[in-house]
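Report on the following structure.
The values are calculated or read from the model by the stated rules, or taken from the named source; none is laboratory data. If you're wondering where the values come from, they're calculated on a predicted model, not measured in any experiment. No Cβ is skipped: glycine too gets one built from the backbone with ideal geometry, and neighbour counts run over all protein chains shown. With ligands, DNA and RNA removed, areas are computed over all heavy atoms of the protein, side chains included. Shrake-Rupley method; radii C 1.70, N 1.55, O 1.52, S 1.80 Å.
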Amino acid sequence: SQQGEEDPQALSIQEGENATMNCSYKTSINNLQWYRQNSGRGLVHLILIRSNEREKHSGRLRVTLDTSKKSSSLLITASRAADTASYFCATDFNNDMRFGAGTRLTVKP
Amino acid sequence: KAGVTQTPRYLIKTRGQQVTLSCSPISGHRSVSWYQQTPGQGLQFLFEYFSETQRNKGNFPGRFSGRQFSNSRSEMNVSTLELGDSALYLCASSSPSTHGWQYFGPGTRLTVT
């Protein structure tokens, strides 16, 4: 069964705009991870945030984690057409990984 | 290092048959996890193997099984295939040195007719 719920399910923006995706989960976690998937291919990891961290940056990506609300958000700044993909959050608790349903991001040139 | 490889990439089977999928992890990775991805159910965790032992298991029927060999390569088997088993099956490998990151293979697209 899935652990997380992503919101929104789909997001369409123009190139240069920022994209924000949210993830809520239900149980305890050791860490929370974000992955990207291009059209029916394997997933690529983007960023990992540990349960004792609140914010993390990697290039144009910024992830926040609020364990009291059991939620996380992924911000992609200055989006590009190449960012078009599905984005998934995944919770890790004792090596048990559970993925959300994903957000489909479309960036229009 | 070479990435995670999965074979075959595409497979067509008929109901009632069984299928075996293979996954070769990144060299040095001892943990292999399997996932089923469908449009309706999303990415669902099947099981995880570490050093030839199943460490975690998702909520799938006993028709889904797996194993891991001493070289960390893993196979998953689905017996008595049903139409609903049509999906993209993804495997991912990791090790303590990856600090929780999983590295995914390209997947095996299984179609059951």
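Values computed for the structure shown
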item	result
Buried area at the B-A interface (accessible, heavy atoms, 1.4 Å probe, summed, Å²)	1800
GluC sites (Glu not before Pro) restricted to region A:12-109 and DSSP loop, no more than 14 other C-beta within 10 Å	A:Glu15, A:Glu17, A:Glu53
Neighbour net charge for B:Leu46 - beta-carbon separation under 13 angstrom, K R +1, D E -1	+1
Region A:1-44 - Kirkwood radius from inverse mean 1/r over Cα pairs (Å)	12.8
Environment charge at A:Thr106 (Cβ cut-off 14 Å; Lys +1, Arg +1, Asp -1, Glu -1)	+1
Solvent exposure of chain A as accessible area per residue, Å², 1.4 Å probe	47
Antiparallel bridge percentage (DSSP; both residues within chain A; nearest 5)	90
Debye log10 I(q)/I(0) at q = 0.20 Å⁻¹ for chain B, Cα point scatterers	-1.02
Accessible carbon and sulfur surface of chain B relative to its total accessible area, %, 1.4 Å	50
Electrostatic dipole magnitude of the protein assembly as shown [Cβ: Lys, Arg +1; Asp, Glu -1; Cα centre; debye, to 20]	320
Whole-number D in µm²/s for the protein assembly as shown (Stokes-Einstein; Kirkwood sum over Cα pairs; 10 °C, 1.306 mPa s)	89
Positive-end extreme of charge dipole, region A:5-108 - chosen from A:Thr91, A:Gly40, A:Ser71 (charges on Cβ)	A:Gly40
Where labels lie 7 Å past Cα in the beta-carbon direction, separation of A:Asn30 and A:Glu55 in nm	2.7
In nm, spacing of pseudo-spin labels at B:Leu11 and A:Asn38 (7 Å Cα→C-beta vector)	2.6
Kirkwood Rh in Å, taken over chain A so that all alpha-carbon pairs contribute	13.7
Carbon + sulfur, % of accessible area of region A:49-96 - ligands and nucleic acids excluded, 1.4 Å	44
Relative contact order for chain B, counting Cα pairs under 8 Å that sit 6 or more residues apart, in percent	36
Solvent-accessible heavy-atom area per residue, rounded to whole Å², over chain B at 1.4 Å	46
Cβ-derived FRET efficiency at R0 30 Å, B:Arg109 paired with A:Ala10, nearest 0.05	0.85
Cα-based reach from A:Lys69 at 21 Å (exclusive), listing lysines while leaving out same-chain residues under 8 positions away	A:Lys26, A:Lys56
